[in-house]
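Q: Below you will find the structure I want to go over with you.
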Amino acid sequence: MEPYRIKVVEPIPVTTRAQREQALRRVHYNLFGLRADEVTIDLLTDSGTGALSAAQWAAAMAGDESYAGSRSFFHFRDVVQDLTSYPCVLPVHQGRAAERILFSALLTPGQITLSNTHFDTTRANVELAGCRAVDLPCPQAEDLDSTEPFKGDIDLRRLEEALRGPDAGRIALVVMTLTNNGEAGQPVSMDNLSRAAALCREHAVPLFLDAARFAENAWLVTRHEDGYRHLSPRQVAEQAFRLADGCLMSAKKDGIVHIGGFLGLRDRSLAERCELLLIATEGFPTYGGLAGRDLDMIAQGLTEVTDPRHLQARADAARHLARLARDAGIDIVEPPGLHALYLNAGRLLPHIPAHRFPGHALACQLYLEGGIRSVELGSLYLGREDENGTPVTSAPYELVRLALPRRTYGLSHLNHVGEVLAATARAKERIPGYRLIEQPSLLRHFRCKLEPD
Ligand code: F0G
């Protein structure tokens, strides 16, 4: 049962199949091009799409909009310090701004960053700083069907090899992404995080958490990791932050706000360098590109998000949707996490080759069938072709992510998604692949144009 009731409602658009067909044609079969008014259930992302609590709206009214020294900042800073233990807290407008500022201040061209998996903006910001981002996911992550609980871990053997290897002098930092969004939202165990932290300490390499979903990671630790079952998610989260030298945070996820983020740091001289970049590019350090009310809403969201009843409800919702998908005959990346379900489109649509994008085909079909927007994570996102259109690389898996916004959709919405999954799977042989007709040179999935094959 969701641990809240509804005080404010927002109608959701209901469209006909003919309208959806027309909309898809208009946007050249790219779901990013749809108007939100054309989407009935929007599972594109869990980022900035959650519902605020009454206490967060009340906090917004109490926000102090002073340019410098705002009361909201000190409240926000105290809440973040209490959770993370980091003395320096810099607000930013969202997670990728924290990435850009930290990497600009810390990295020099030619250096290397290591991670369990860099999220794509994290990788992009490392590369923009002239450095190389290397992912070291654990071997269990490769088996999509395995139900091992901590497939988000970093490969400790390869981490140690890298830290001792010939390129060790160029390793600037290690980022642990909790939960590991690039590996189907799988969590990281505290055992893995502690060992990674010990290796980083031994080799004097700073360790940062990409903490966007820190509470969801902590919840899964309390459920599945021996030695942590008696702790609350909040206690586990506090321990996790204390193992690292700082964090990058997109508050649009586990801050349960529509916009905002922060950079948390132990190193005061690094924080001073970051602060200069913050002032030049985001805003004065007591607001960092946000309104005062945003800071108060983040502070309140951070205290609500570790409530075990909130996390339990999210886990239950993801498990329920996972059951509906399996019942429909659609395999998912196991085990289901909290922020999203990942459908194995490659296995569902074996008649569509990687360069005709089975994940994209499934995502388009879910929209046509029931107005559901999801996102492809397969060869449209990761693959490349040469100038003649011949595929050069394809993705290791063809997946579709159904992200679950926080506190936004209820059981009946998920049941609608389940019915659409079932109808889609029943007619799977008739689902066409898609051909790329136009693509930009960078981040093509956002803006490319396609047509049914
Ligand atoms: N780190 C992780 C793990 C993320 O999932 C995201 C965003 C970011 C950093 C960047 O944060 O959007 O506030 O700038 N993920 C969103 C998603 C976009 O849909 O998974 P941001």
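Q: Could you list ASP331, ASP167 in order of exposure, starting from the residue whose Cβ has the fewest other Cβ atoms within 10 Å?
A: Fewest-to-most Cβ neighbours within 10 Å comes out as ASP167, ASP331.
Q: By how many nm would the segment from ALA168 to THR16 lengthen if fully extended, with 0.36 nm per residue of separation less the alpha-carbon distance?
A: 48.9 nm
Q: For the chain, just run the numbers: alpha carbon Rg, then divide by 2.2 N^0.38 Å, N being how many residues it has.
A: 0.96
Q: Check the straight Cα-Cα distances from LYS253 and name the lysines below 21 Å, setting aside those fewer than 8 residues away within the same chain.
A: Filter leaves LYS151.
Q: Quote to one decimal, in nm, the extra length available between THR393 and HIS258 on full extension: 0.36 nm per residue of separation minus the C-alpha distance between them.
A: Length gained, THR393 through HIS258: 45.1 nm.
Q: With +1 on the Cβ of every Lys and Arg and -1 on the Cβ of every Asp and Glu, and nothing else charged, how large is the dipole of the chain about its Cα centre, in debye rounded to the nearest 20?
A: So the dipole magnitude of the chain works out to roughly 620 debye.
Q: Continuing with this model, one more query. What number, in percent, do you get for the relative contact order of the stretch 313-401 if the mean sequence gap of Cα pairs under 8 Å and at least 6 apart is divided by its residue count?
A: Normalised by residue count, the contact order of the stretch 313-401 is 26 percent.
Q: If each of ASP78 and GLU419 carries a label point 7 Å out from its Cα toward its Cβ, how far apart are those two points in nm?
A: With each label placed 7 Å out from Cα toward Cβ, I get 5.0 nm.
Q: Based only on other Cβ atoms within 10 Å, what is the fewest-to-most ordering of LYS428, LYS151?
A: LYS428, LYS151
Q: If I stretch the segment between LEU442 and LEU156 completely, what's the gain in nm (0.36 nm per residue apart, minus their alpha carbon distance), one decimal?
A: Gain in length upon complete extension: 99.8 nm.
Q: What is the calculated FRET efficiency for ALA427 to ARG347, with r their C-beta to C-beta distance and R₀ = 25 Å, to the nearest 0.05?
A: 0.95
Q: So which lysines can LYS428 reach, going by Cα to Cα under 25 Å and dropping same-chain residues fewer than 8 places off?
A: LYS449
Q: Expressed as a fraction of 2.2 N^0.38 Å, the rule-of-thumb size for a compact globular protein of N residues, what is the C-alpha radius of gyration of the stretch 35-76?
A: Cα Rg divided by the expected 2.2 N^0.38 Å: 1.70.
Q: Tell me the relative contact order for the stretch 54-304 as a rounded percent, counting alpha carbon contacts under 8 Å between residues six or more apart.
A: Result for the stretch 54-304 is 31 percent.
Q: Which one, ASN388, GLN81, CYS138, projects farthest toward the positive side of the charge dipole computed for the chain from Cβ point charges (K/R +1, D/E -1)?
A: Final value for the positive-end residue is ASN388.
Q: In percent, what relative contact order does the chain have, based on Cα pairs under 8 Å that are 6 or more apart in sequence?
A: Over the chain, the number comes to 22 percent.
Q: Could you pull the Cα extents of the stretch 53-210 along its three principal axes, largest to smallest, in whole Å?
A: Sorted largest first, the three principal extents are 51, 39, 27 Å.
Q: Under the rule of at least 5 residues apart or a separate chain, name every residue whose amide H is placed under 5 Å from the amide H of ALA340.
A: Long-range HN contacts for ALA340: LEU404.
Q: Run through the DSSP bridge list for the stretch 54-304 and note the antiparallel percent, rounded to the nearest 5.
A: 45
Q: Just rank CYS88, CYS138, fewest to most, by other beta-carbon atoms within 10 angstrom.
A: Working: CYS88 20, CYS138 25.
Least crowded to most crowded, the residues run CYS88, CYS138.
Q: Once both labels are modelled 7 Å past Cα along the beta-carbon direction, what's the TRP57-LEU277 spacing in nm?
A: Inter-label distance under the simple model: 3.8 nm.
Q: Using a 7 Å offset from the Cα along the Cα-to-Cβ direction at both HIS224 and SER146, what is the distance between the two label points in nm, to one decimal?
A: In this crude spin-label approximation the distance works out to 1.1 nm.
Q: Can I ask one more? Between ALA55, PHE32, ILE6, whose Cα lies farthest towards the positive end of the dipole of the stretch 1-77 when Lys and Arg beta carbons carry +1 and Asp and Glu beta carbons carry -1, centred on the Cα centre?
A: The residue sitting farthest along the positive end of the dipole is PHE32.
Q: Next question, about the same structure. Of all DSSP beta bridges located in the chain, what percent are antiparallel, nearest 5?
A: Beta bridges within the chain, antiparallel portion: roughly 60 percent.
Computed from the coordinates by the stated procedures, all read-outs in this text should not be read as laboratory data. All values reported here derive from a predicted model rather than from experimental measurement. Note that we place each Cβ from the backbone using ideal geometry, even for glycine, and neighbour counts take in every protein chain shown.
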